[in-house]
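A short reminder: the numbers here are calculations on the coordinates, not readings from a lab. Bear in mind that the values here come from a model prediction, so they are computed numbers and not experimental data. So basically every Cβ, Gly included, is an ideal-geometry build from the backbone, and we count neighbours across all protein chains shown.
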Amino acid sequence: MKTIFVTDLDGTLLDKTYDYKPVEKFIRKLKAKKVDVVFSSSKTLEEQEYYREKLRIKDPFIVEIGSAIFIPRDFFSHIYPRTRSVREYHVIEYGLRIEVIEKLLKDVENVYNVSLKRFTKMTPHEISEVTGLPLKMAEWARKRMYSEVIVKGFPNEDEIKEILRRYFHLNVFTSERLITVVGRADKGVALRILENLYYEEYESIEIIAAGDGEADIPMILAADLGVYVSNGKRIPNVLKSKKNVVIVNNREELIEFMLRYLSSSRK
Ligand SMILES: [Mg+2]
C-alpha cells in the first residue's frame, strides 16, 4: 500500500518561527518508510519550494489553498490532463488567476469605498510585520498566482465576505489575522484530483491529511484518515466524533501519532 501524507504548513508542520529544522527528522523517517509527503498550503510556489528544497522532498505539492497542483514531470508514469508545464513541473490549475481575483476585489473596494490591506499591494516589510514571516519569505508570499490574502479588521468585513462568496463565487477562508480569497478551489478538491492520479499509478493507496485551520477541513474530510491539529482552539463541529478523524493538540502530538500509526499499520 502506498501511503501519502498530505500536510498543511503554517500551524501544522511549521510553528510561529517558520523554521523547518524541528521537522527534519520526522520527514526523514517518513521518507525511510516510503511515504510521499505532499504539502497543501495557502503558501505560494516560491515559499513551498524553499521548504521542499530544505527538507529534500520531491513529491507533488498543492499551492494557494488547492488552486494548483505542481507535479514533478517524471513523477507519474501515466499521462494526465494538465493546464501547463512550467520548469520541472506539470501543473494542474484549478483556481482562478490572480488577475481575475484582483479585478473582482477592486470592484468590491470601489462599491464599499474601502482600501483592503492585501498582500499583492503590500510591501514585504508590511507583510512581515503582520505575519511574523522573515523578510525573504514575505517577498515570496506576495508573489501570488491564484489567491489574495487580506488583513482582517476592515469596515463591513462580514458583509464583504458574504458578497464575495455569494455573488462573485469565490471561496473565502478565515484564519486568526488573515482572510484568503481563492476561486472555486479548496484543499479537498485538490486532494481528490491528486488521489485520482495516484490510483492510476498504484493498486492501493492511503491518504492521510493533516491541518489546523478552516481551509484544511475539506481535505481532512476527503482523506482516508484526517488529523486535525487543534493548537488549543475549538474543534470544528464537522470534525467531531468522526471515525476517521483524529484530533491532536499540537505538532509534537501529530508527529508522535503519525510515527506510531505508520509502524503499527506496517507490521
Ligand atoms: Mg495552517
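In the structure displayed, which of K54/K233; K106/K152; K58/K233; K106/K187; K31/K242; K34/K233 lie more than 21 Å apart, Cα to Cα?
With Cα atoms farther than 21 Å apart: K54/K233; K58/K233; K106/K187; K31/K242; K34/K233.
Relative to the longest principal axis of the C-alpha atoms of the chain, give the angle of the C-alpha long axis of helix 21-32, reported between 0 and 90° and rounded to the nearest 10°.
Relative to the chain, helix 21-32 is tipped by roughly 40 degrees.
Considering only the other residues whose Cβ falls under 13 Å of the Cβ of N156, what net charge follows from Lys and Arg at +1 and Asp and Glu at -1?
Net local charge, N156 excluded: -3.
May I ask for the net charge around R82, where only other residues with Cβ less than 13 Å from the Cβ of R82 are counted and Lys, Arg are +1 while Asp, Glu are -1?
+1
For K21 and E99 in one chain, what is 0.36 nm times their gap in residues minus the Cα-Cα distance, to one decimal in nm?
Using 0.36 nm per residue and subtracting the Cα-Cα distance, I get 24.6 nm.
What are the semi-axes of the equivalent ellipsoid for segment 98-182, taken as the square roots of 5 times the Cα gyration tensor eigenvalues, largest first, in whole Å?
Equivalent-ellipsoid dimensions as semi-axes: 22, 13, 11 Å.
For the pair V130 and R82, what calculated FRET efficiency results from E = 1/(1 + (r/R0)^6), where r is the Cβ-Cβ distance and R0 = 25 Å, to the nearest 0.05?
0.15
To make sure I understand, if each residue's beta carbon is the centre and we count other beta carbons within 10 Å, what order do R144, R52, R165, R84 fall in, fewest to most?
Ordered from fewest to most neighbouring Cβ atoms within 10 Å, R144, R52, R165, R84 come out as R84, R165, R52, R144.
If the elastic network links every pair of Cα atoms under 10 Å, which of Y51, Y146, Y199 fluctuates the most in the Gaussian network model of the chain?
Comparing Y51, Y146, Y199 in the GNM, the peak value goes to Y199.
Find the relative contact order for segment 98-182 and round it to a whole percent, using C-alpha pairs within less than 8 Å whose residues are 6+ positions apart.
30
Enter the angle in degrees (range 0 to 90, nearest 10) between the Cα long axis of helix 157-166 and the first principal axis of the Cα atoms of the chain, meaning the one along which they spread out most.
Around 70 degrees separate the two axes.
Describe numerically, in nm with one decimal, the distance between label points set 7 Å from Cα along Cα→Cβ at N249 and at E157.
Inter-label distance under the simple model: 2.9 nm.
Can you give the FRET efficiency to the nearest 0.05 for D224 and R73, using r as the Cβ-Cβ distance and R₀ = 22 Å?
Taking R0 as 22 Å, the efficiency between D224 and R73 is 0.20.
Within segment 125-152, find all residues whose amide N lies under 17 Å from a label point positioned 7 Å from the Cα of E53 along Cα-to-beta-carbon.
Once the point is set 7 Å along Cα→Cβ of E53, 134-143 turn out to lie under 17 Å by backbone N, inside segment 125-152.
Where in segment 158-267 are there GluC sites (Glu not before Pro) that are in a DSSP coil and have at most 13 other Cβ atoms within 10 angstrom of their Cβ?
Taking segment 158-267 and a limit of 13 other Cβ atoms within 10 Å, the loop GluC sites (Glu not before Pro) found are E176, E203.
For the chain, calculate the relative contact order in percent as a whole number, restricting contacts to Cα pairs under 8 Å that are 6 or more residues apart.
20
For the chain, just the Cα set please: Rg and Dmax, both in angstrom.
In order Rg, Dmax, the Cα atoms of the chain give 18.2, 62 Å.
Starting with the fewest neighbours, write out I62, I150 ranked by other beta-carbon atoms found within 10 Å of each beta-carbon.
I150, I62
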